[in-house]
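Q: Sharing a structure here in structure tokens format.
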2 protein chains.
Amino acid sequence: MAESLTTRLRIRPRQRVKLARHDPDFTGAFQGKAEVKSATKKNVERLFDLQYKMYAENKHSLLVVLQAMDTAGKDGLIRHVMTGMNPQGCRVVPFKKPSEKEFDHEYLWRIHQAVPPKGEVGIFNRSHYEDVLVVRVHDLVPKSVWSKRFEQINRFEHYLAENGVTIVKFFLHISKDEQKKRLEARLKDPLKRWKFSVGDLAERKHWNEYMLAYEEVLSKCSTPWAPWYVIPANAKWFRNYAVSQILVETLNRLRMSWPKVTFDPKKIKVV
Amino acid sequence: MAESLTTRLRIRPRQRVKLARHDPDFTGAFQGKAEVKSATKKNVERLFDLQYKMYAENKHSLLVVLQAMDTAGKDGLIRHVMTGMNPQGCRVVPFKKPSEKEFDHEYLWRIHQAVPPKGEVGIFNRSHYEDVLVVRVHDLVPKSVWSKRFEQINRFEHYLAENGVTIVKFFLHISKDEQKKRLEARLKDPLKRWKFSVGDLAERKHWNEYMLAYEEVLSKCSTPWAPWYVIPANAKWFRNYAVSQILVETLNRLRMSWPKVTFDPKKIKVV
């Protein structure tokens, strides 16, 4: 069951993605939170073990790319699924508006610096994909520039994958109605209000343009070496389960092993 | 009880520390693991909440310095206590032998770059204190150089503390016998063997010199703005409990509050 769920959420290379055909309310065979709670918990524990083995083996690294519209749950996913990871060997890198210094470089410069080293997990909260999303929607560079980036990104990710970086990319997919509910909830709850930004409302007006931009990303940049997954994210519990399941399967496929030692332990005496 | 335990483990400014007078087997009022298990778990949960508030408030940062002899449990502490933290806003920075580039700078250069920004937690796995520890024991720079560093470090930390960085420093204190047991256990267990390094045995020969070097660090660099704590660490469960308790108390003292918003939520309509 689990394997087919993962396959179902994965975008095949060159698949033409229409987000309207991906139901953000989809929850697979599950009816509610209670049913997946223990499965998610078990996955989080397995992630902790797999991460430790990756750290010990010091051969692979894992790069997780998170993209989504505001309120879709990038932060919540990190808080609920990635908190089970050992922070030693796991780094979350948020990509905001580039600094002046970053602007002086081409767009992949700051991204490359944040790629996780061997044995470690890197989580990109937003990423180089903003350079074909926000940049496109707000016309920050001409089309002649951003339209070349899909292929540039594919080649960049290919290079990383050939050099030990396992890449997995998640688009957390919510509906426009669900975003409305969540923005209203933030305004209502005094403990959540600080998360509300008036800028989110301005971005919301560009919803349809963003959907088109995401569709092009998903259609052009899901590759055998760096697949995109569209995660139905209206139900937070399903979003967390699905991502945890895909991460576990991805790390399992690496067939990692504990490092062998070069000394004979029997010949060593601790005095 | 808890408050007095914390006070007991804290080194007072200008206190002359003799490590022989600090029992690494000390476990306070607790007899065994079972007794503190729930208290540690509760602390880890409170740390998660406090970290979230710190992240939201975006005013303070927390810098945790970990120093210890090999096998004393820096990694284990991070794995068991810090894994409860959200990796978004918590970064572990291991300081190893400086790179060539780092060597081209003075010793605090690489340290300063790793200081956590506002709202975040930084955990130093080893630190600038190695520049008065390993550097001293192995004569890597002359005494005339390293002996000036205690005061330099105090001033550096003072500056950080005056600028919003809360600093707390832990020396995980084990006995030489306990280290022997742990090294032997690593050799014996195929799943732990990879952690064994023949270099650890060479360092072990310098045990007494390290203890003297630590005593000078603890005597000279425990300040009101950046206290050292000597954590009895022969019992791993007590080590984890004590550190989690001190971290919770440290963050509680910051009296953080949820950020106020500058807009009137009633006047905002999400369309």
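Q: Residues being open to solvent by 10 Å² or more (accessible area, probe 1.4 Å), among the small types (Gly, Ala, Ser) and within 18 Å of the chain's Cα centre (by Cα): count how many of those fall in the range A:233-267.
A: 1
Q: Could you tell me whether the range B:128-143 includes any residue that is in contact with a strand residue (DSSP E or B) (Cβ under 6 Å, 6 or more places away or on another chain), aromatic (Phe, Trp, Tyr) and open to solvent by less than 70 Å² (accessible area, probe 1.4 Å)?
A: Yes, the conditions are met somewhere in the range B:128-143.
Q: Quick test for you: out of B:Gly32, B:Gly73, B:Gly28, pick the one residue that is under 19 Å from the mean Cα position of the chain (by Cα) and of a type outside the set (Lys, Arg).
A: B:Gly73
Q: When you scan the range A:40-54, do you find a residue that is in a loop (DSSP other than H, G, I, E, B) and of a type in the set (Val, Ile, Thr), even just one?
A: no
Q: Let me ask you something else. Consider B:Lys59 carefully, then state whether it is open to solvent by 40 Å² or more (accessible area, probe 1.4 Å) and in a helix (DSSP H, G or I).
A: Considered against the rule, which asks whether it is open to solvent by 40 Å² or more (accessible area, probe 1.4 Å) and in a helix (DSSP H, G or I), B:Lys59 comes out as no.
Q: Now a separate question. Hey, does the range A:116-130 have a residue that's basic (Lys, Arg) and under 19 Å from the mean Cα position of the chain (by Cα)?
A: yes
Q: Another question about this same structure. Out of the range B:114-141, which residues are among the basic types (Lys, Arg) and in a helix (DSSP H, G or I)?
A: Scanning the range B:114-141 gives a single hit, B:Arg136.
Q: Shifting gears a bit: When residues of the range B:81-112 are filtered for being over 19 Å from B:Val132 (Cβ atoms) and more than 9 Å from chain A (Cβ to nearest Cβ), how many remain? Explain how you work it out, then say what you get.
A: Filtering the range B:81-112 for residues over 19 Å from B:Val132 (Cβ atoms) gives B:81-92, B:99-101, B:104.
Now narrow it down to the ones that are more than 9 Å from chain A (Cβ to nearest Cβ): B:81, B:99-101, B:104.
The number of residues fulfilling the criteria is 5.
Q: Any chance you could count how many residues in the range A:21-34 are exposed (fewer than 15 other Cβ atoms within 10 Å of the Cβ) and either closer than 26 Å to A:Pro224 by Cβ or modelled with pLDDT under 95 (or both)?
A: 6
Q: Of everything in the range B:63-113, what is under 26 Å from B:Trp207 (Cα atoms), small (Gly, Ala, Ser) and either part of a strand (DSSP E or B) or touching a residue at least 12 places away in the same chain (Cβ under 8 Å) (or both)? Give them in sequence order.
A: Matches in the range B:63-113: B:Ala68, B:Ala72, B:Gly73, B:Gly76.
Q: Which numbered condition trips up A:Phe95, out of (1) closer than 21 Å to A:Phe171 by Cβ; (2) at pLDDT below 95; (3) of a type in the set (Phe, Trp, Tyr)?
A: In the conditions (1) closer than 21 Å to A:Phe171 by Cβ; (2) at pLDDT below 95; (3) of a type in the set (Phe, Trp, Tyr), A:Phe95 misses (2) alone.
Q: Additional query: Any idea how many residues of the range B:148-183 are out of contact with any Lys or Arg (no Cβ under 9 Å at 6 or more places or on another chain) and open to solvent by 40 Å² or more (accessible area, probe 1.4 Å)?
A: Matching residues across the range B:148-183 total 9.
Q: When residues of the range A:1-12 are filtered for being in a loop (DSSP other than H, G, I, E, B) and exposed (fewer than 15 other Cβ atoms within 10 Å of the Cβ), how many remain?
A: 2
Q: Can you name every one of the helices (runs of 4 or more DSSP H) wholly within the range A:160-271 that holds 3 or more residues which are away from chain B (no Cβ under 14 Å) and modelled with pLDDT of 95 or more?
A: Qualifying helices (runs of 4 or more DSSP H): A:207-221, A:236-252.
Q: With respect to B:Val168, determine if the residue is under 24 Å from B:His22 (Cα atoms) and of a type in the set (Val, Ile, Thr).
A: yes
Q: Being among the aliphatic types (A, V, I, L, M) and either at positive phi or open to solvent by 20 Å² or more (accessible area, probe 1.4 Å) (or both) is true for just one of B:Val17, B:Val44, B:Val92, B:Val64. Which residue is that?
A: B:Val44
The values are calculated or read from the model by the stated rules, or taken from the named source; none is laboratory data. Since the structure is predicted, the reported quantities are computational estimates derived from the model, not experimental observations. Heads up, the Cβs are rebuilt from the backbone with ideal geometry, glycines too, and the neighbour counts pull from every protein chain shown. Remember, those area values only see protein heavy atoms, side chains included, never the ligands or the DNA or RNA. Shrake-Rupley method; radii C 1.70, N 1.55, O 1.52, S 1.80 Å.
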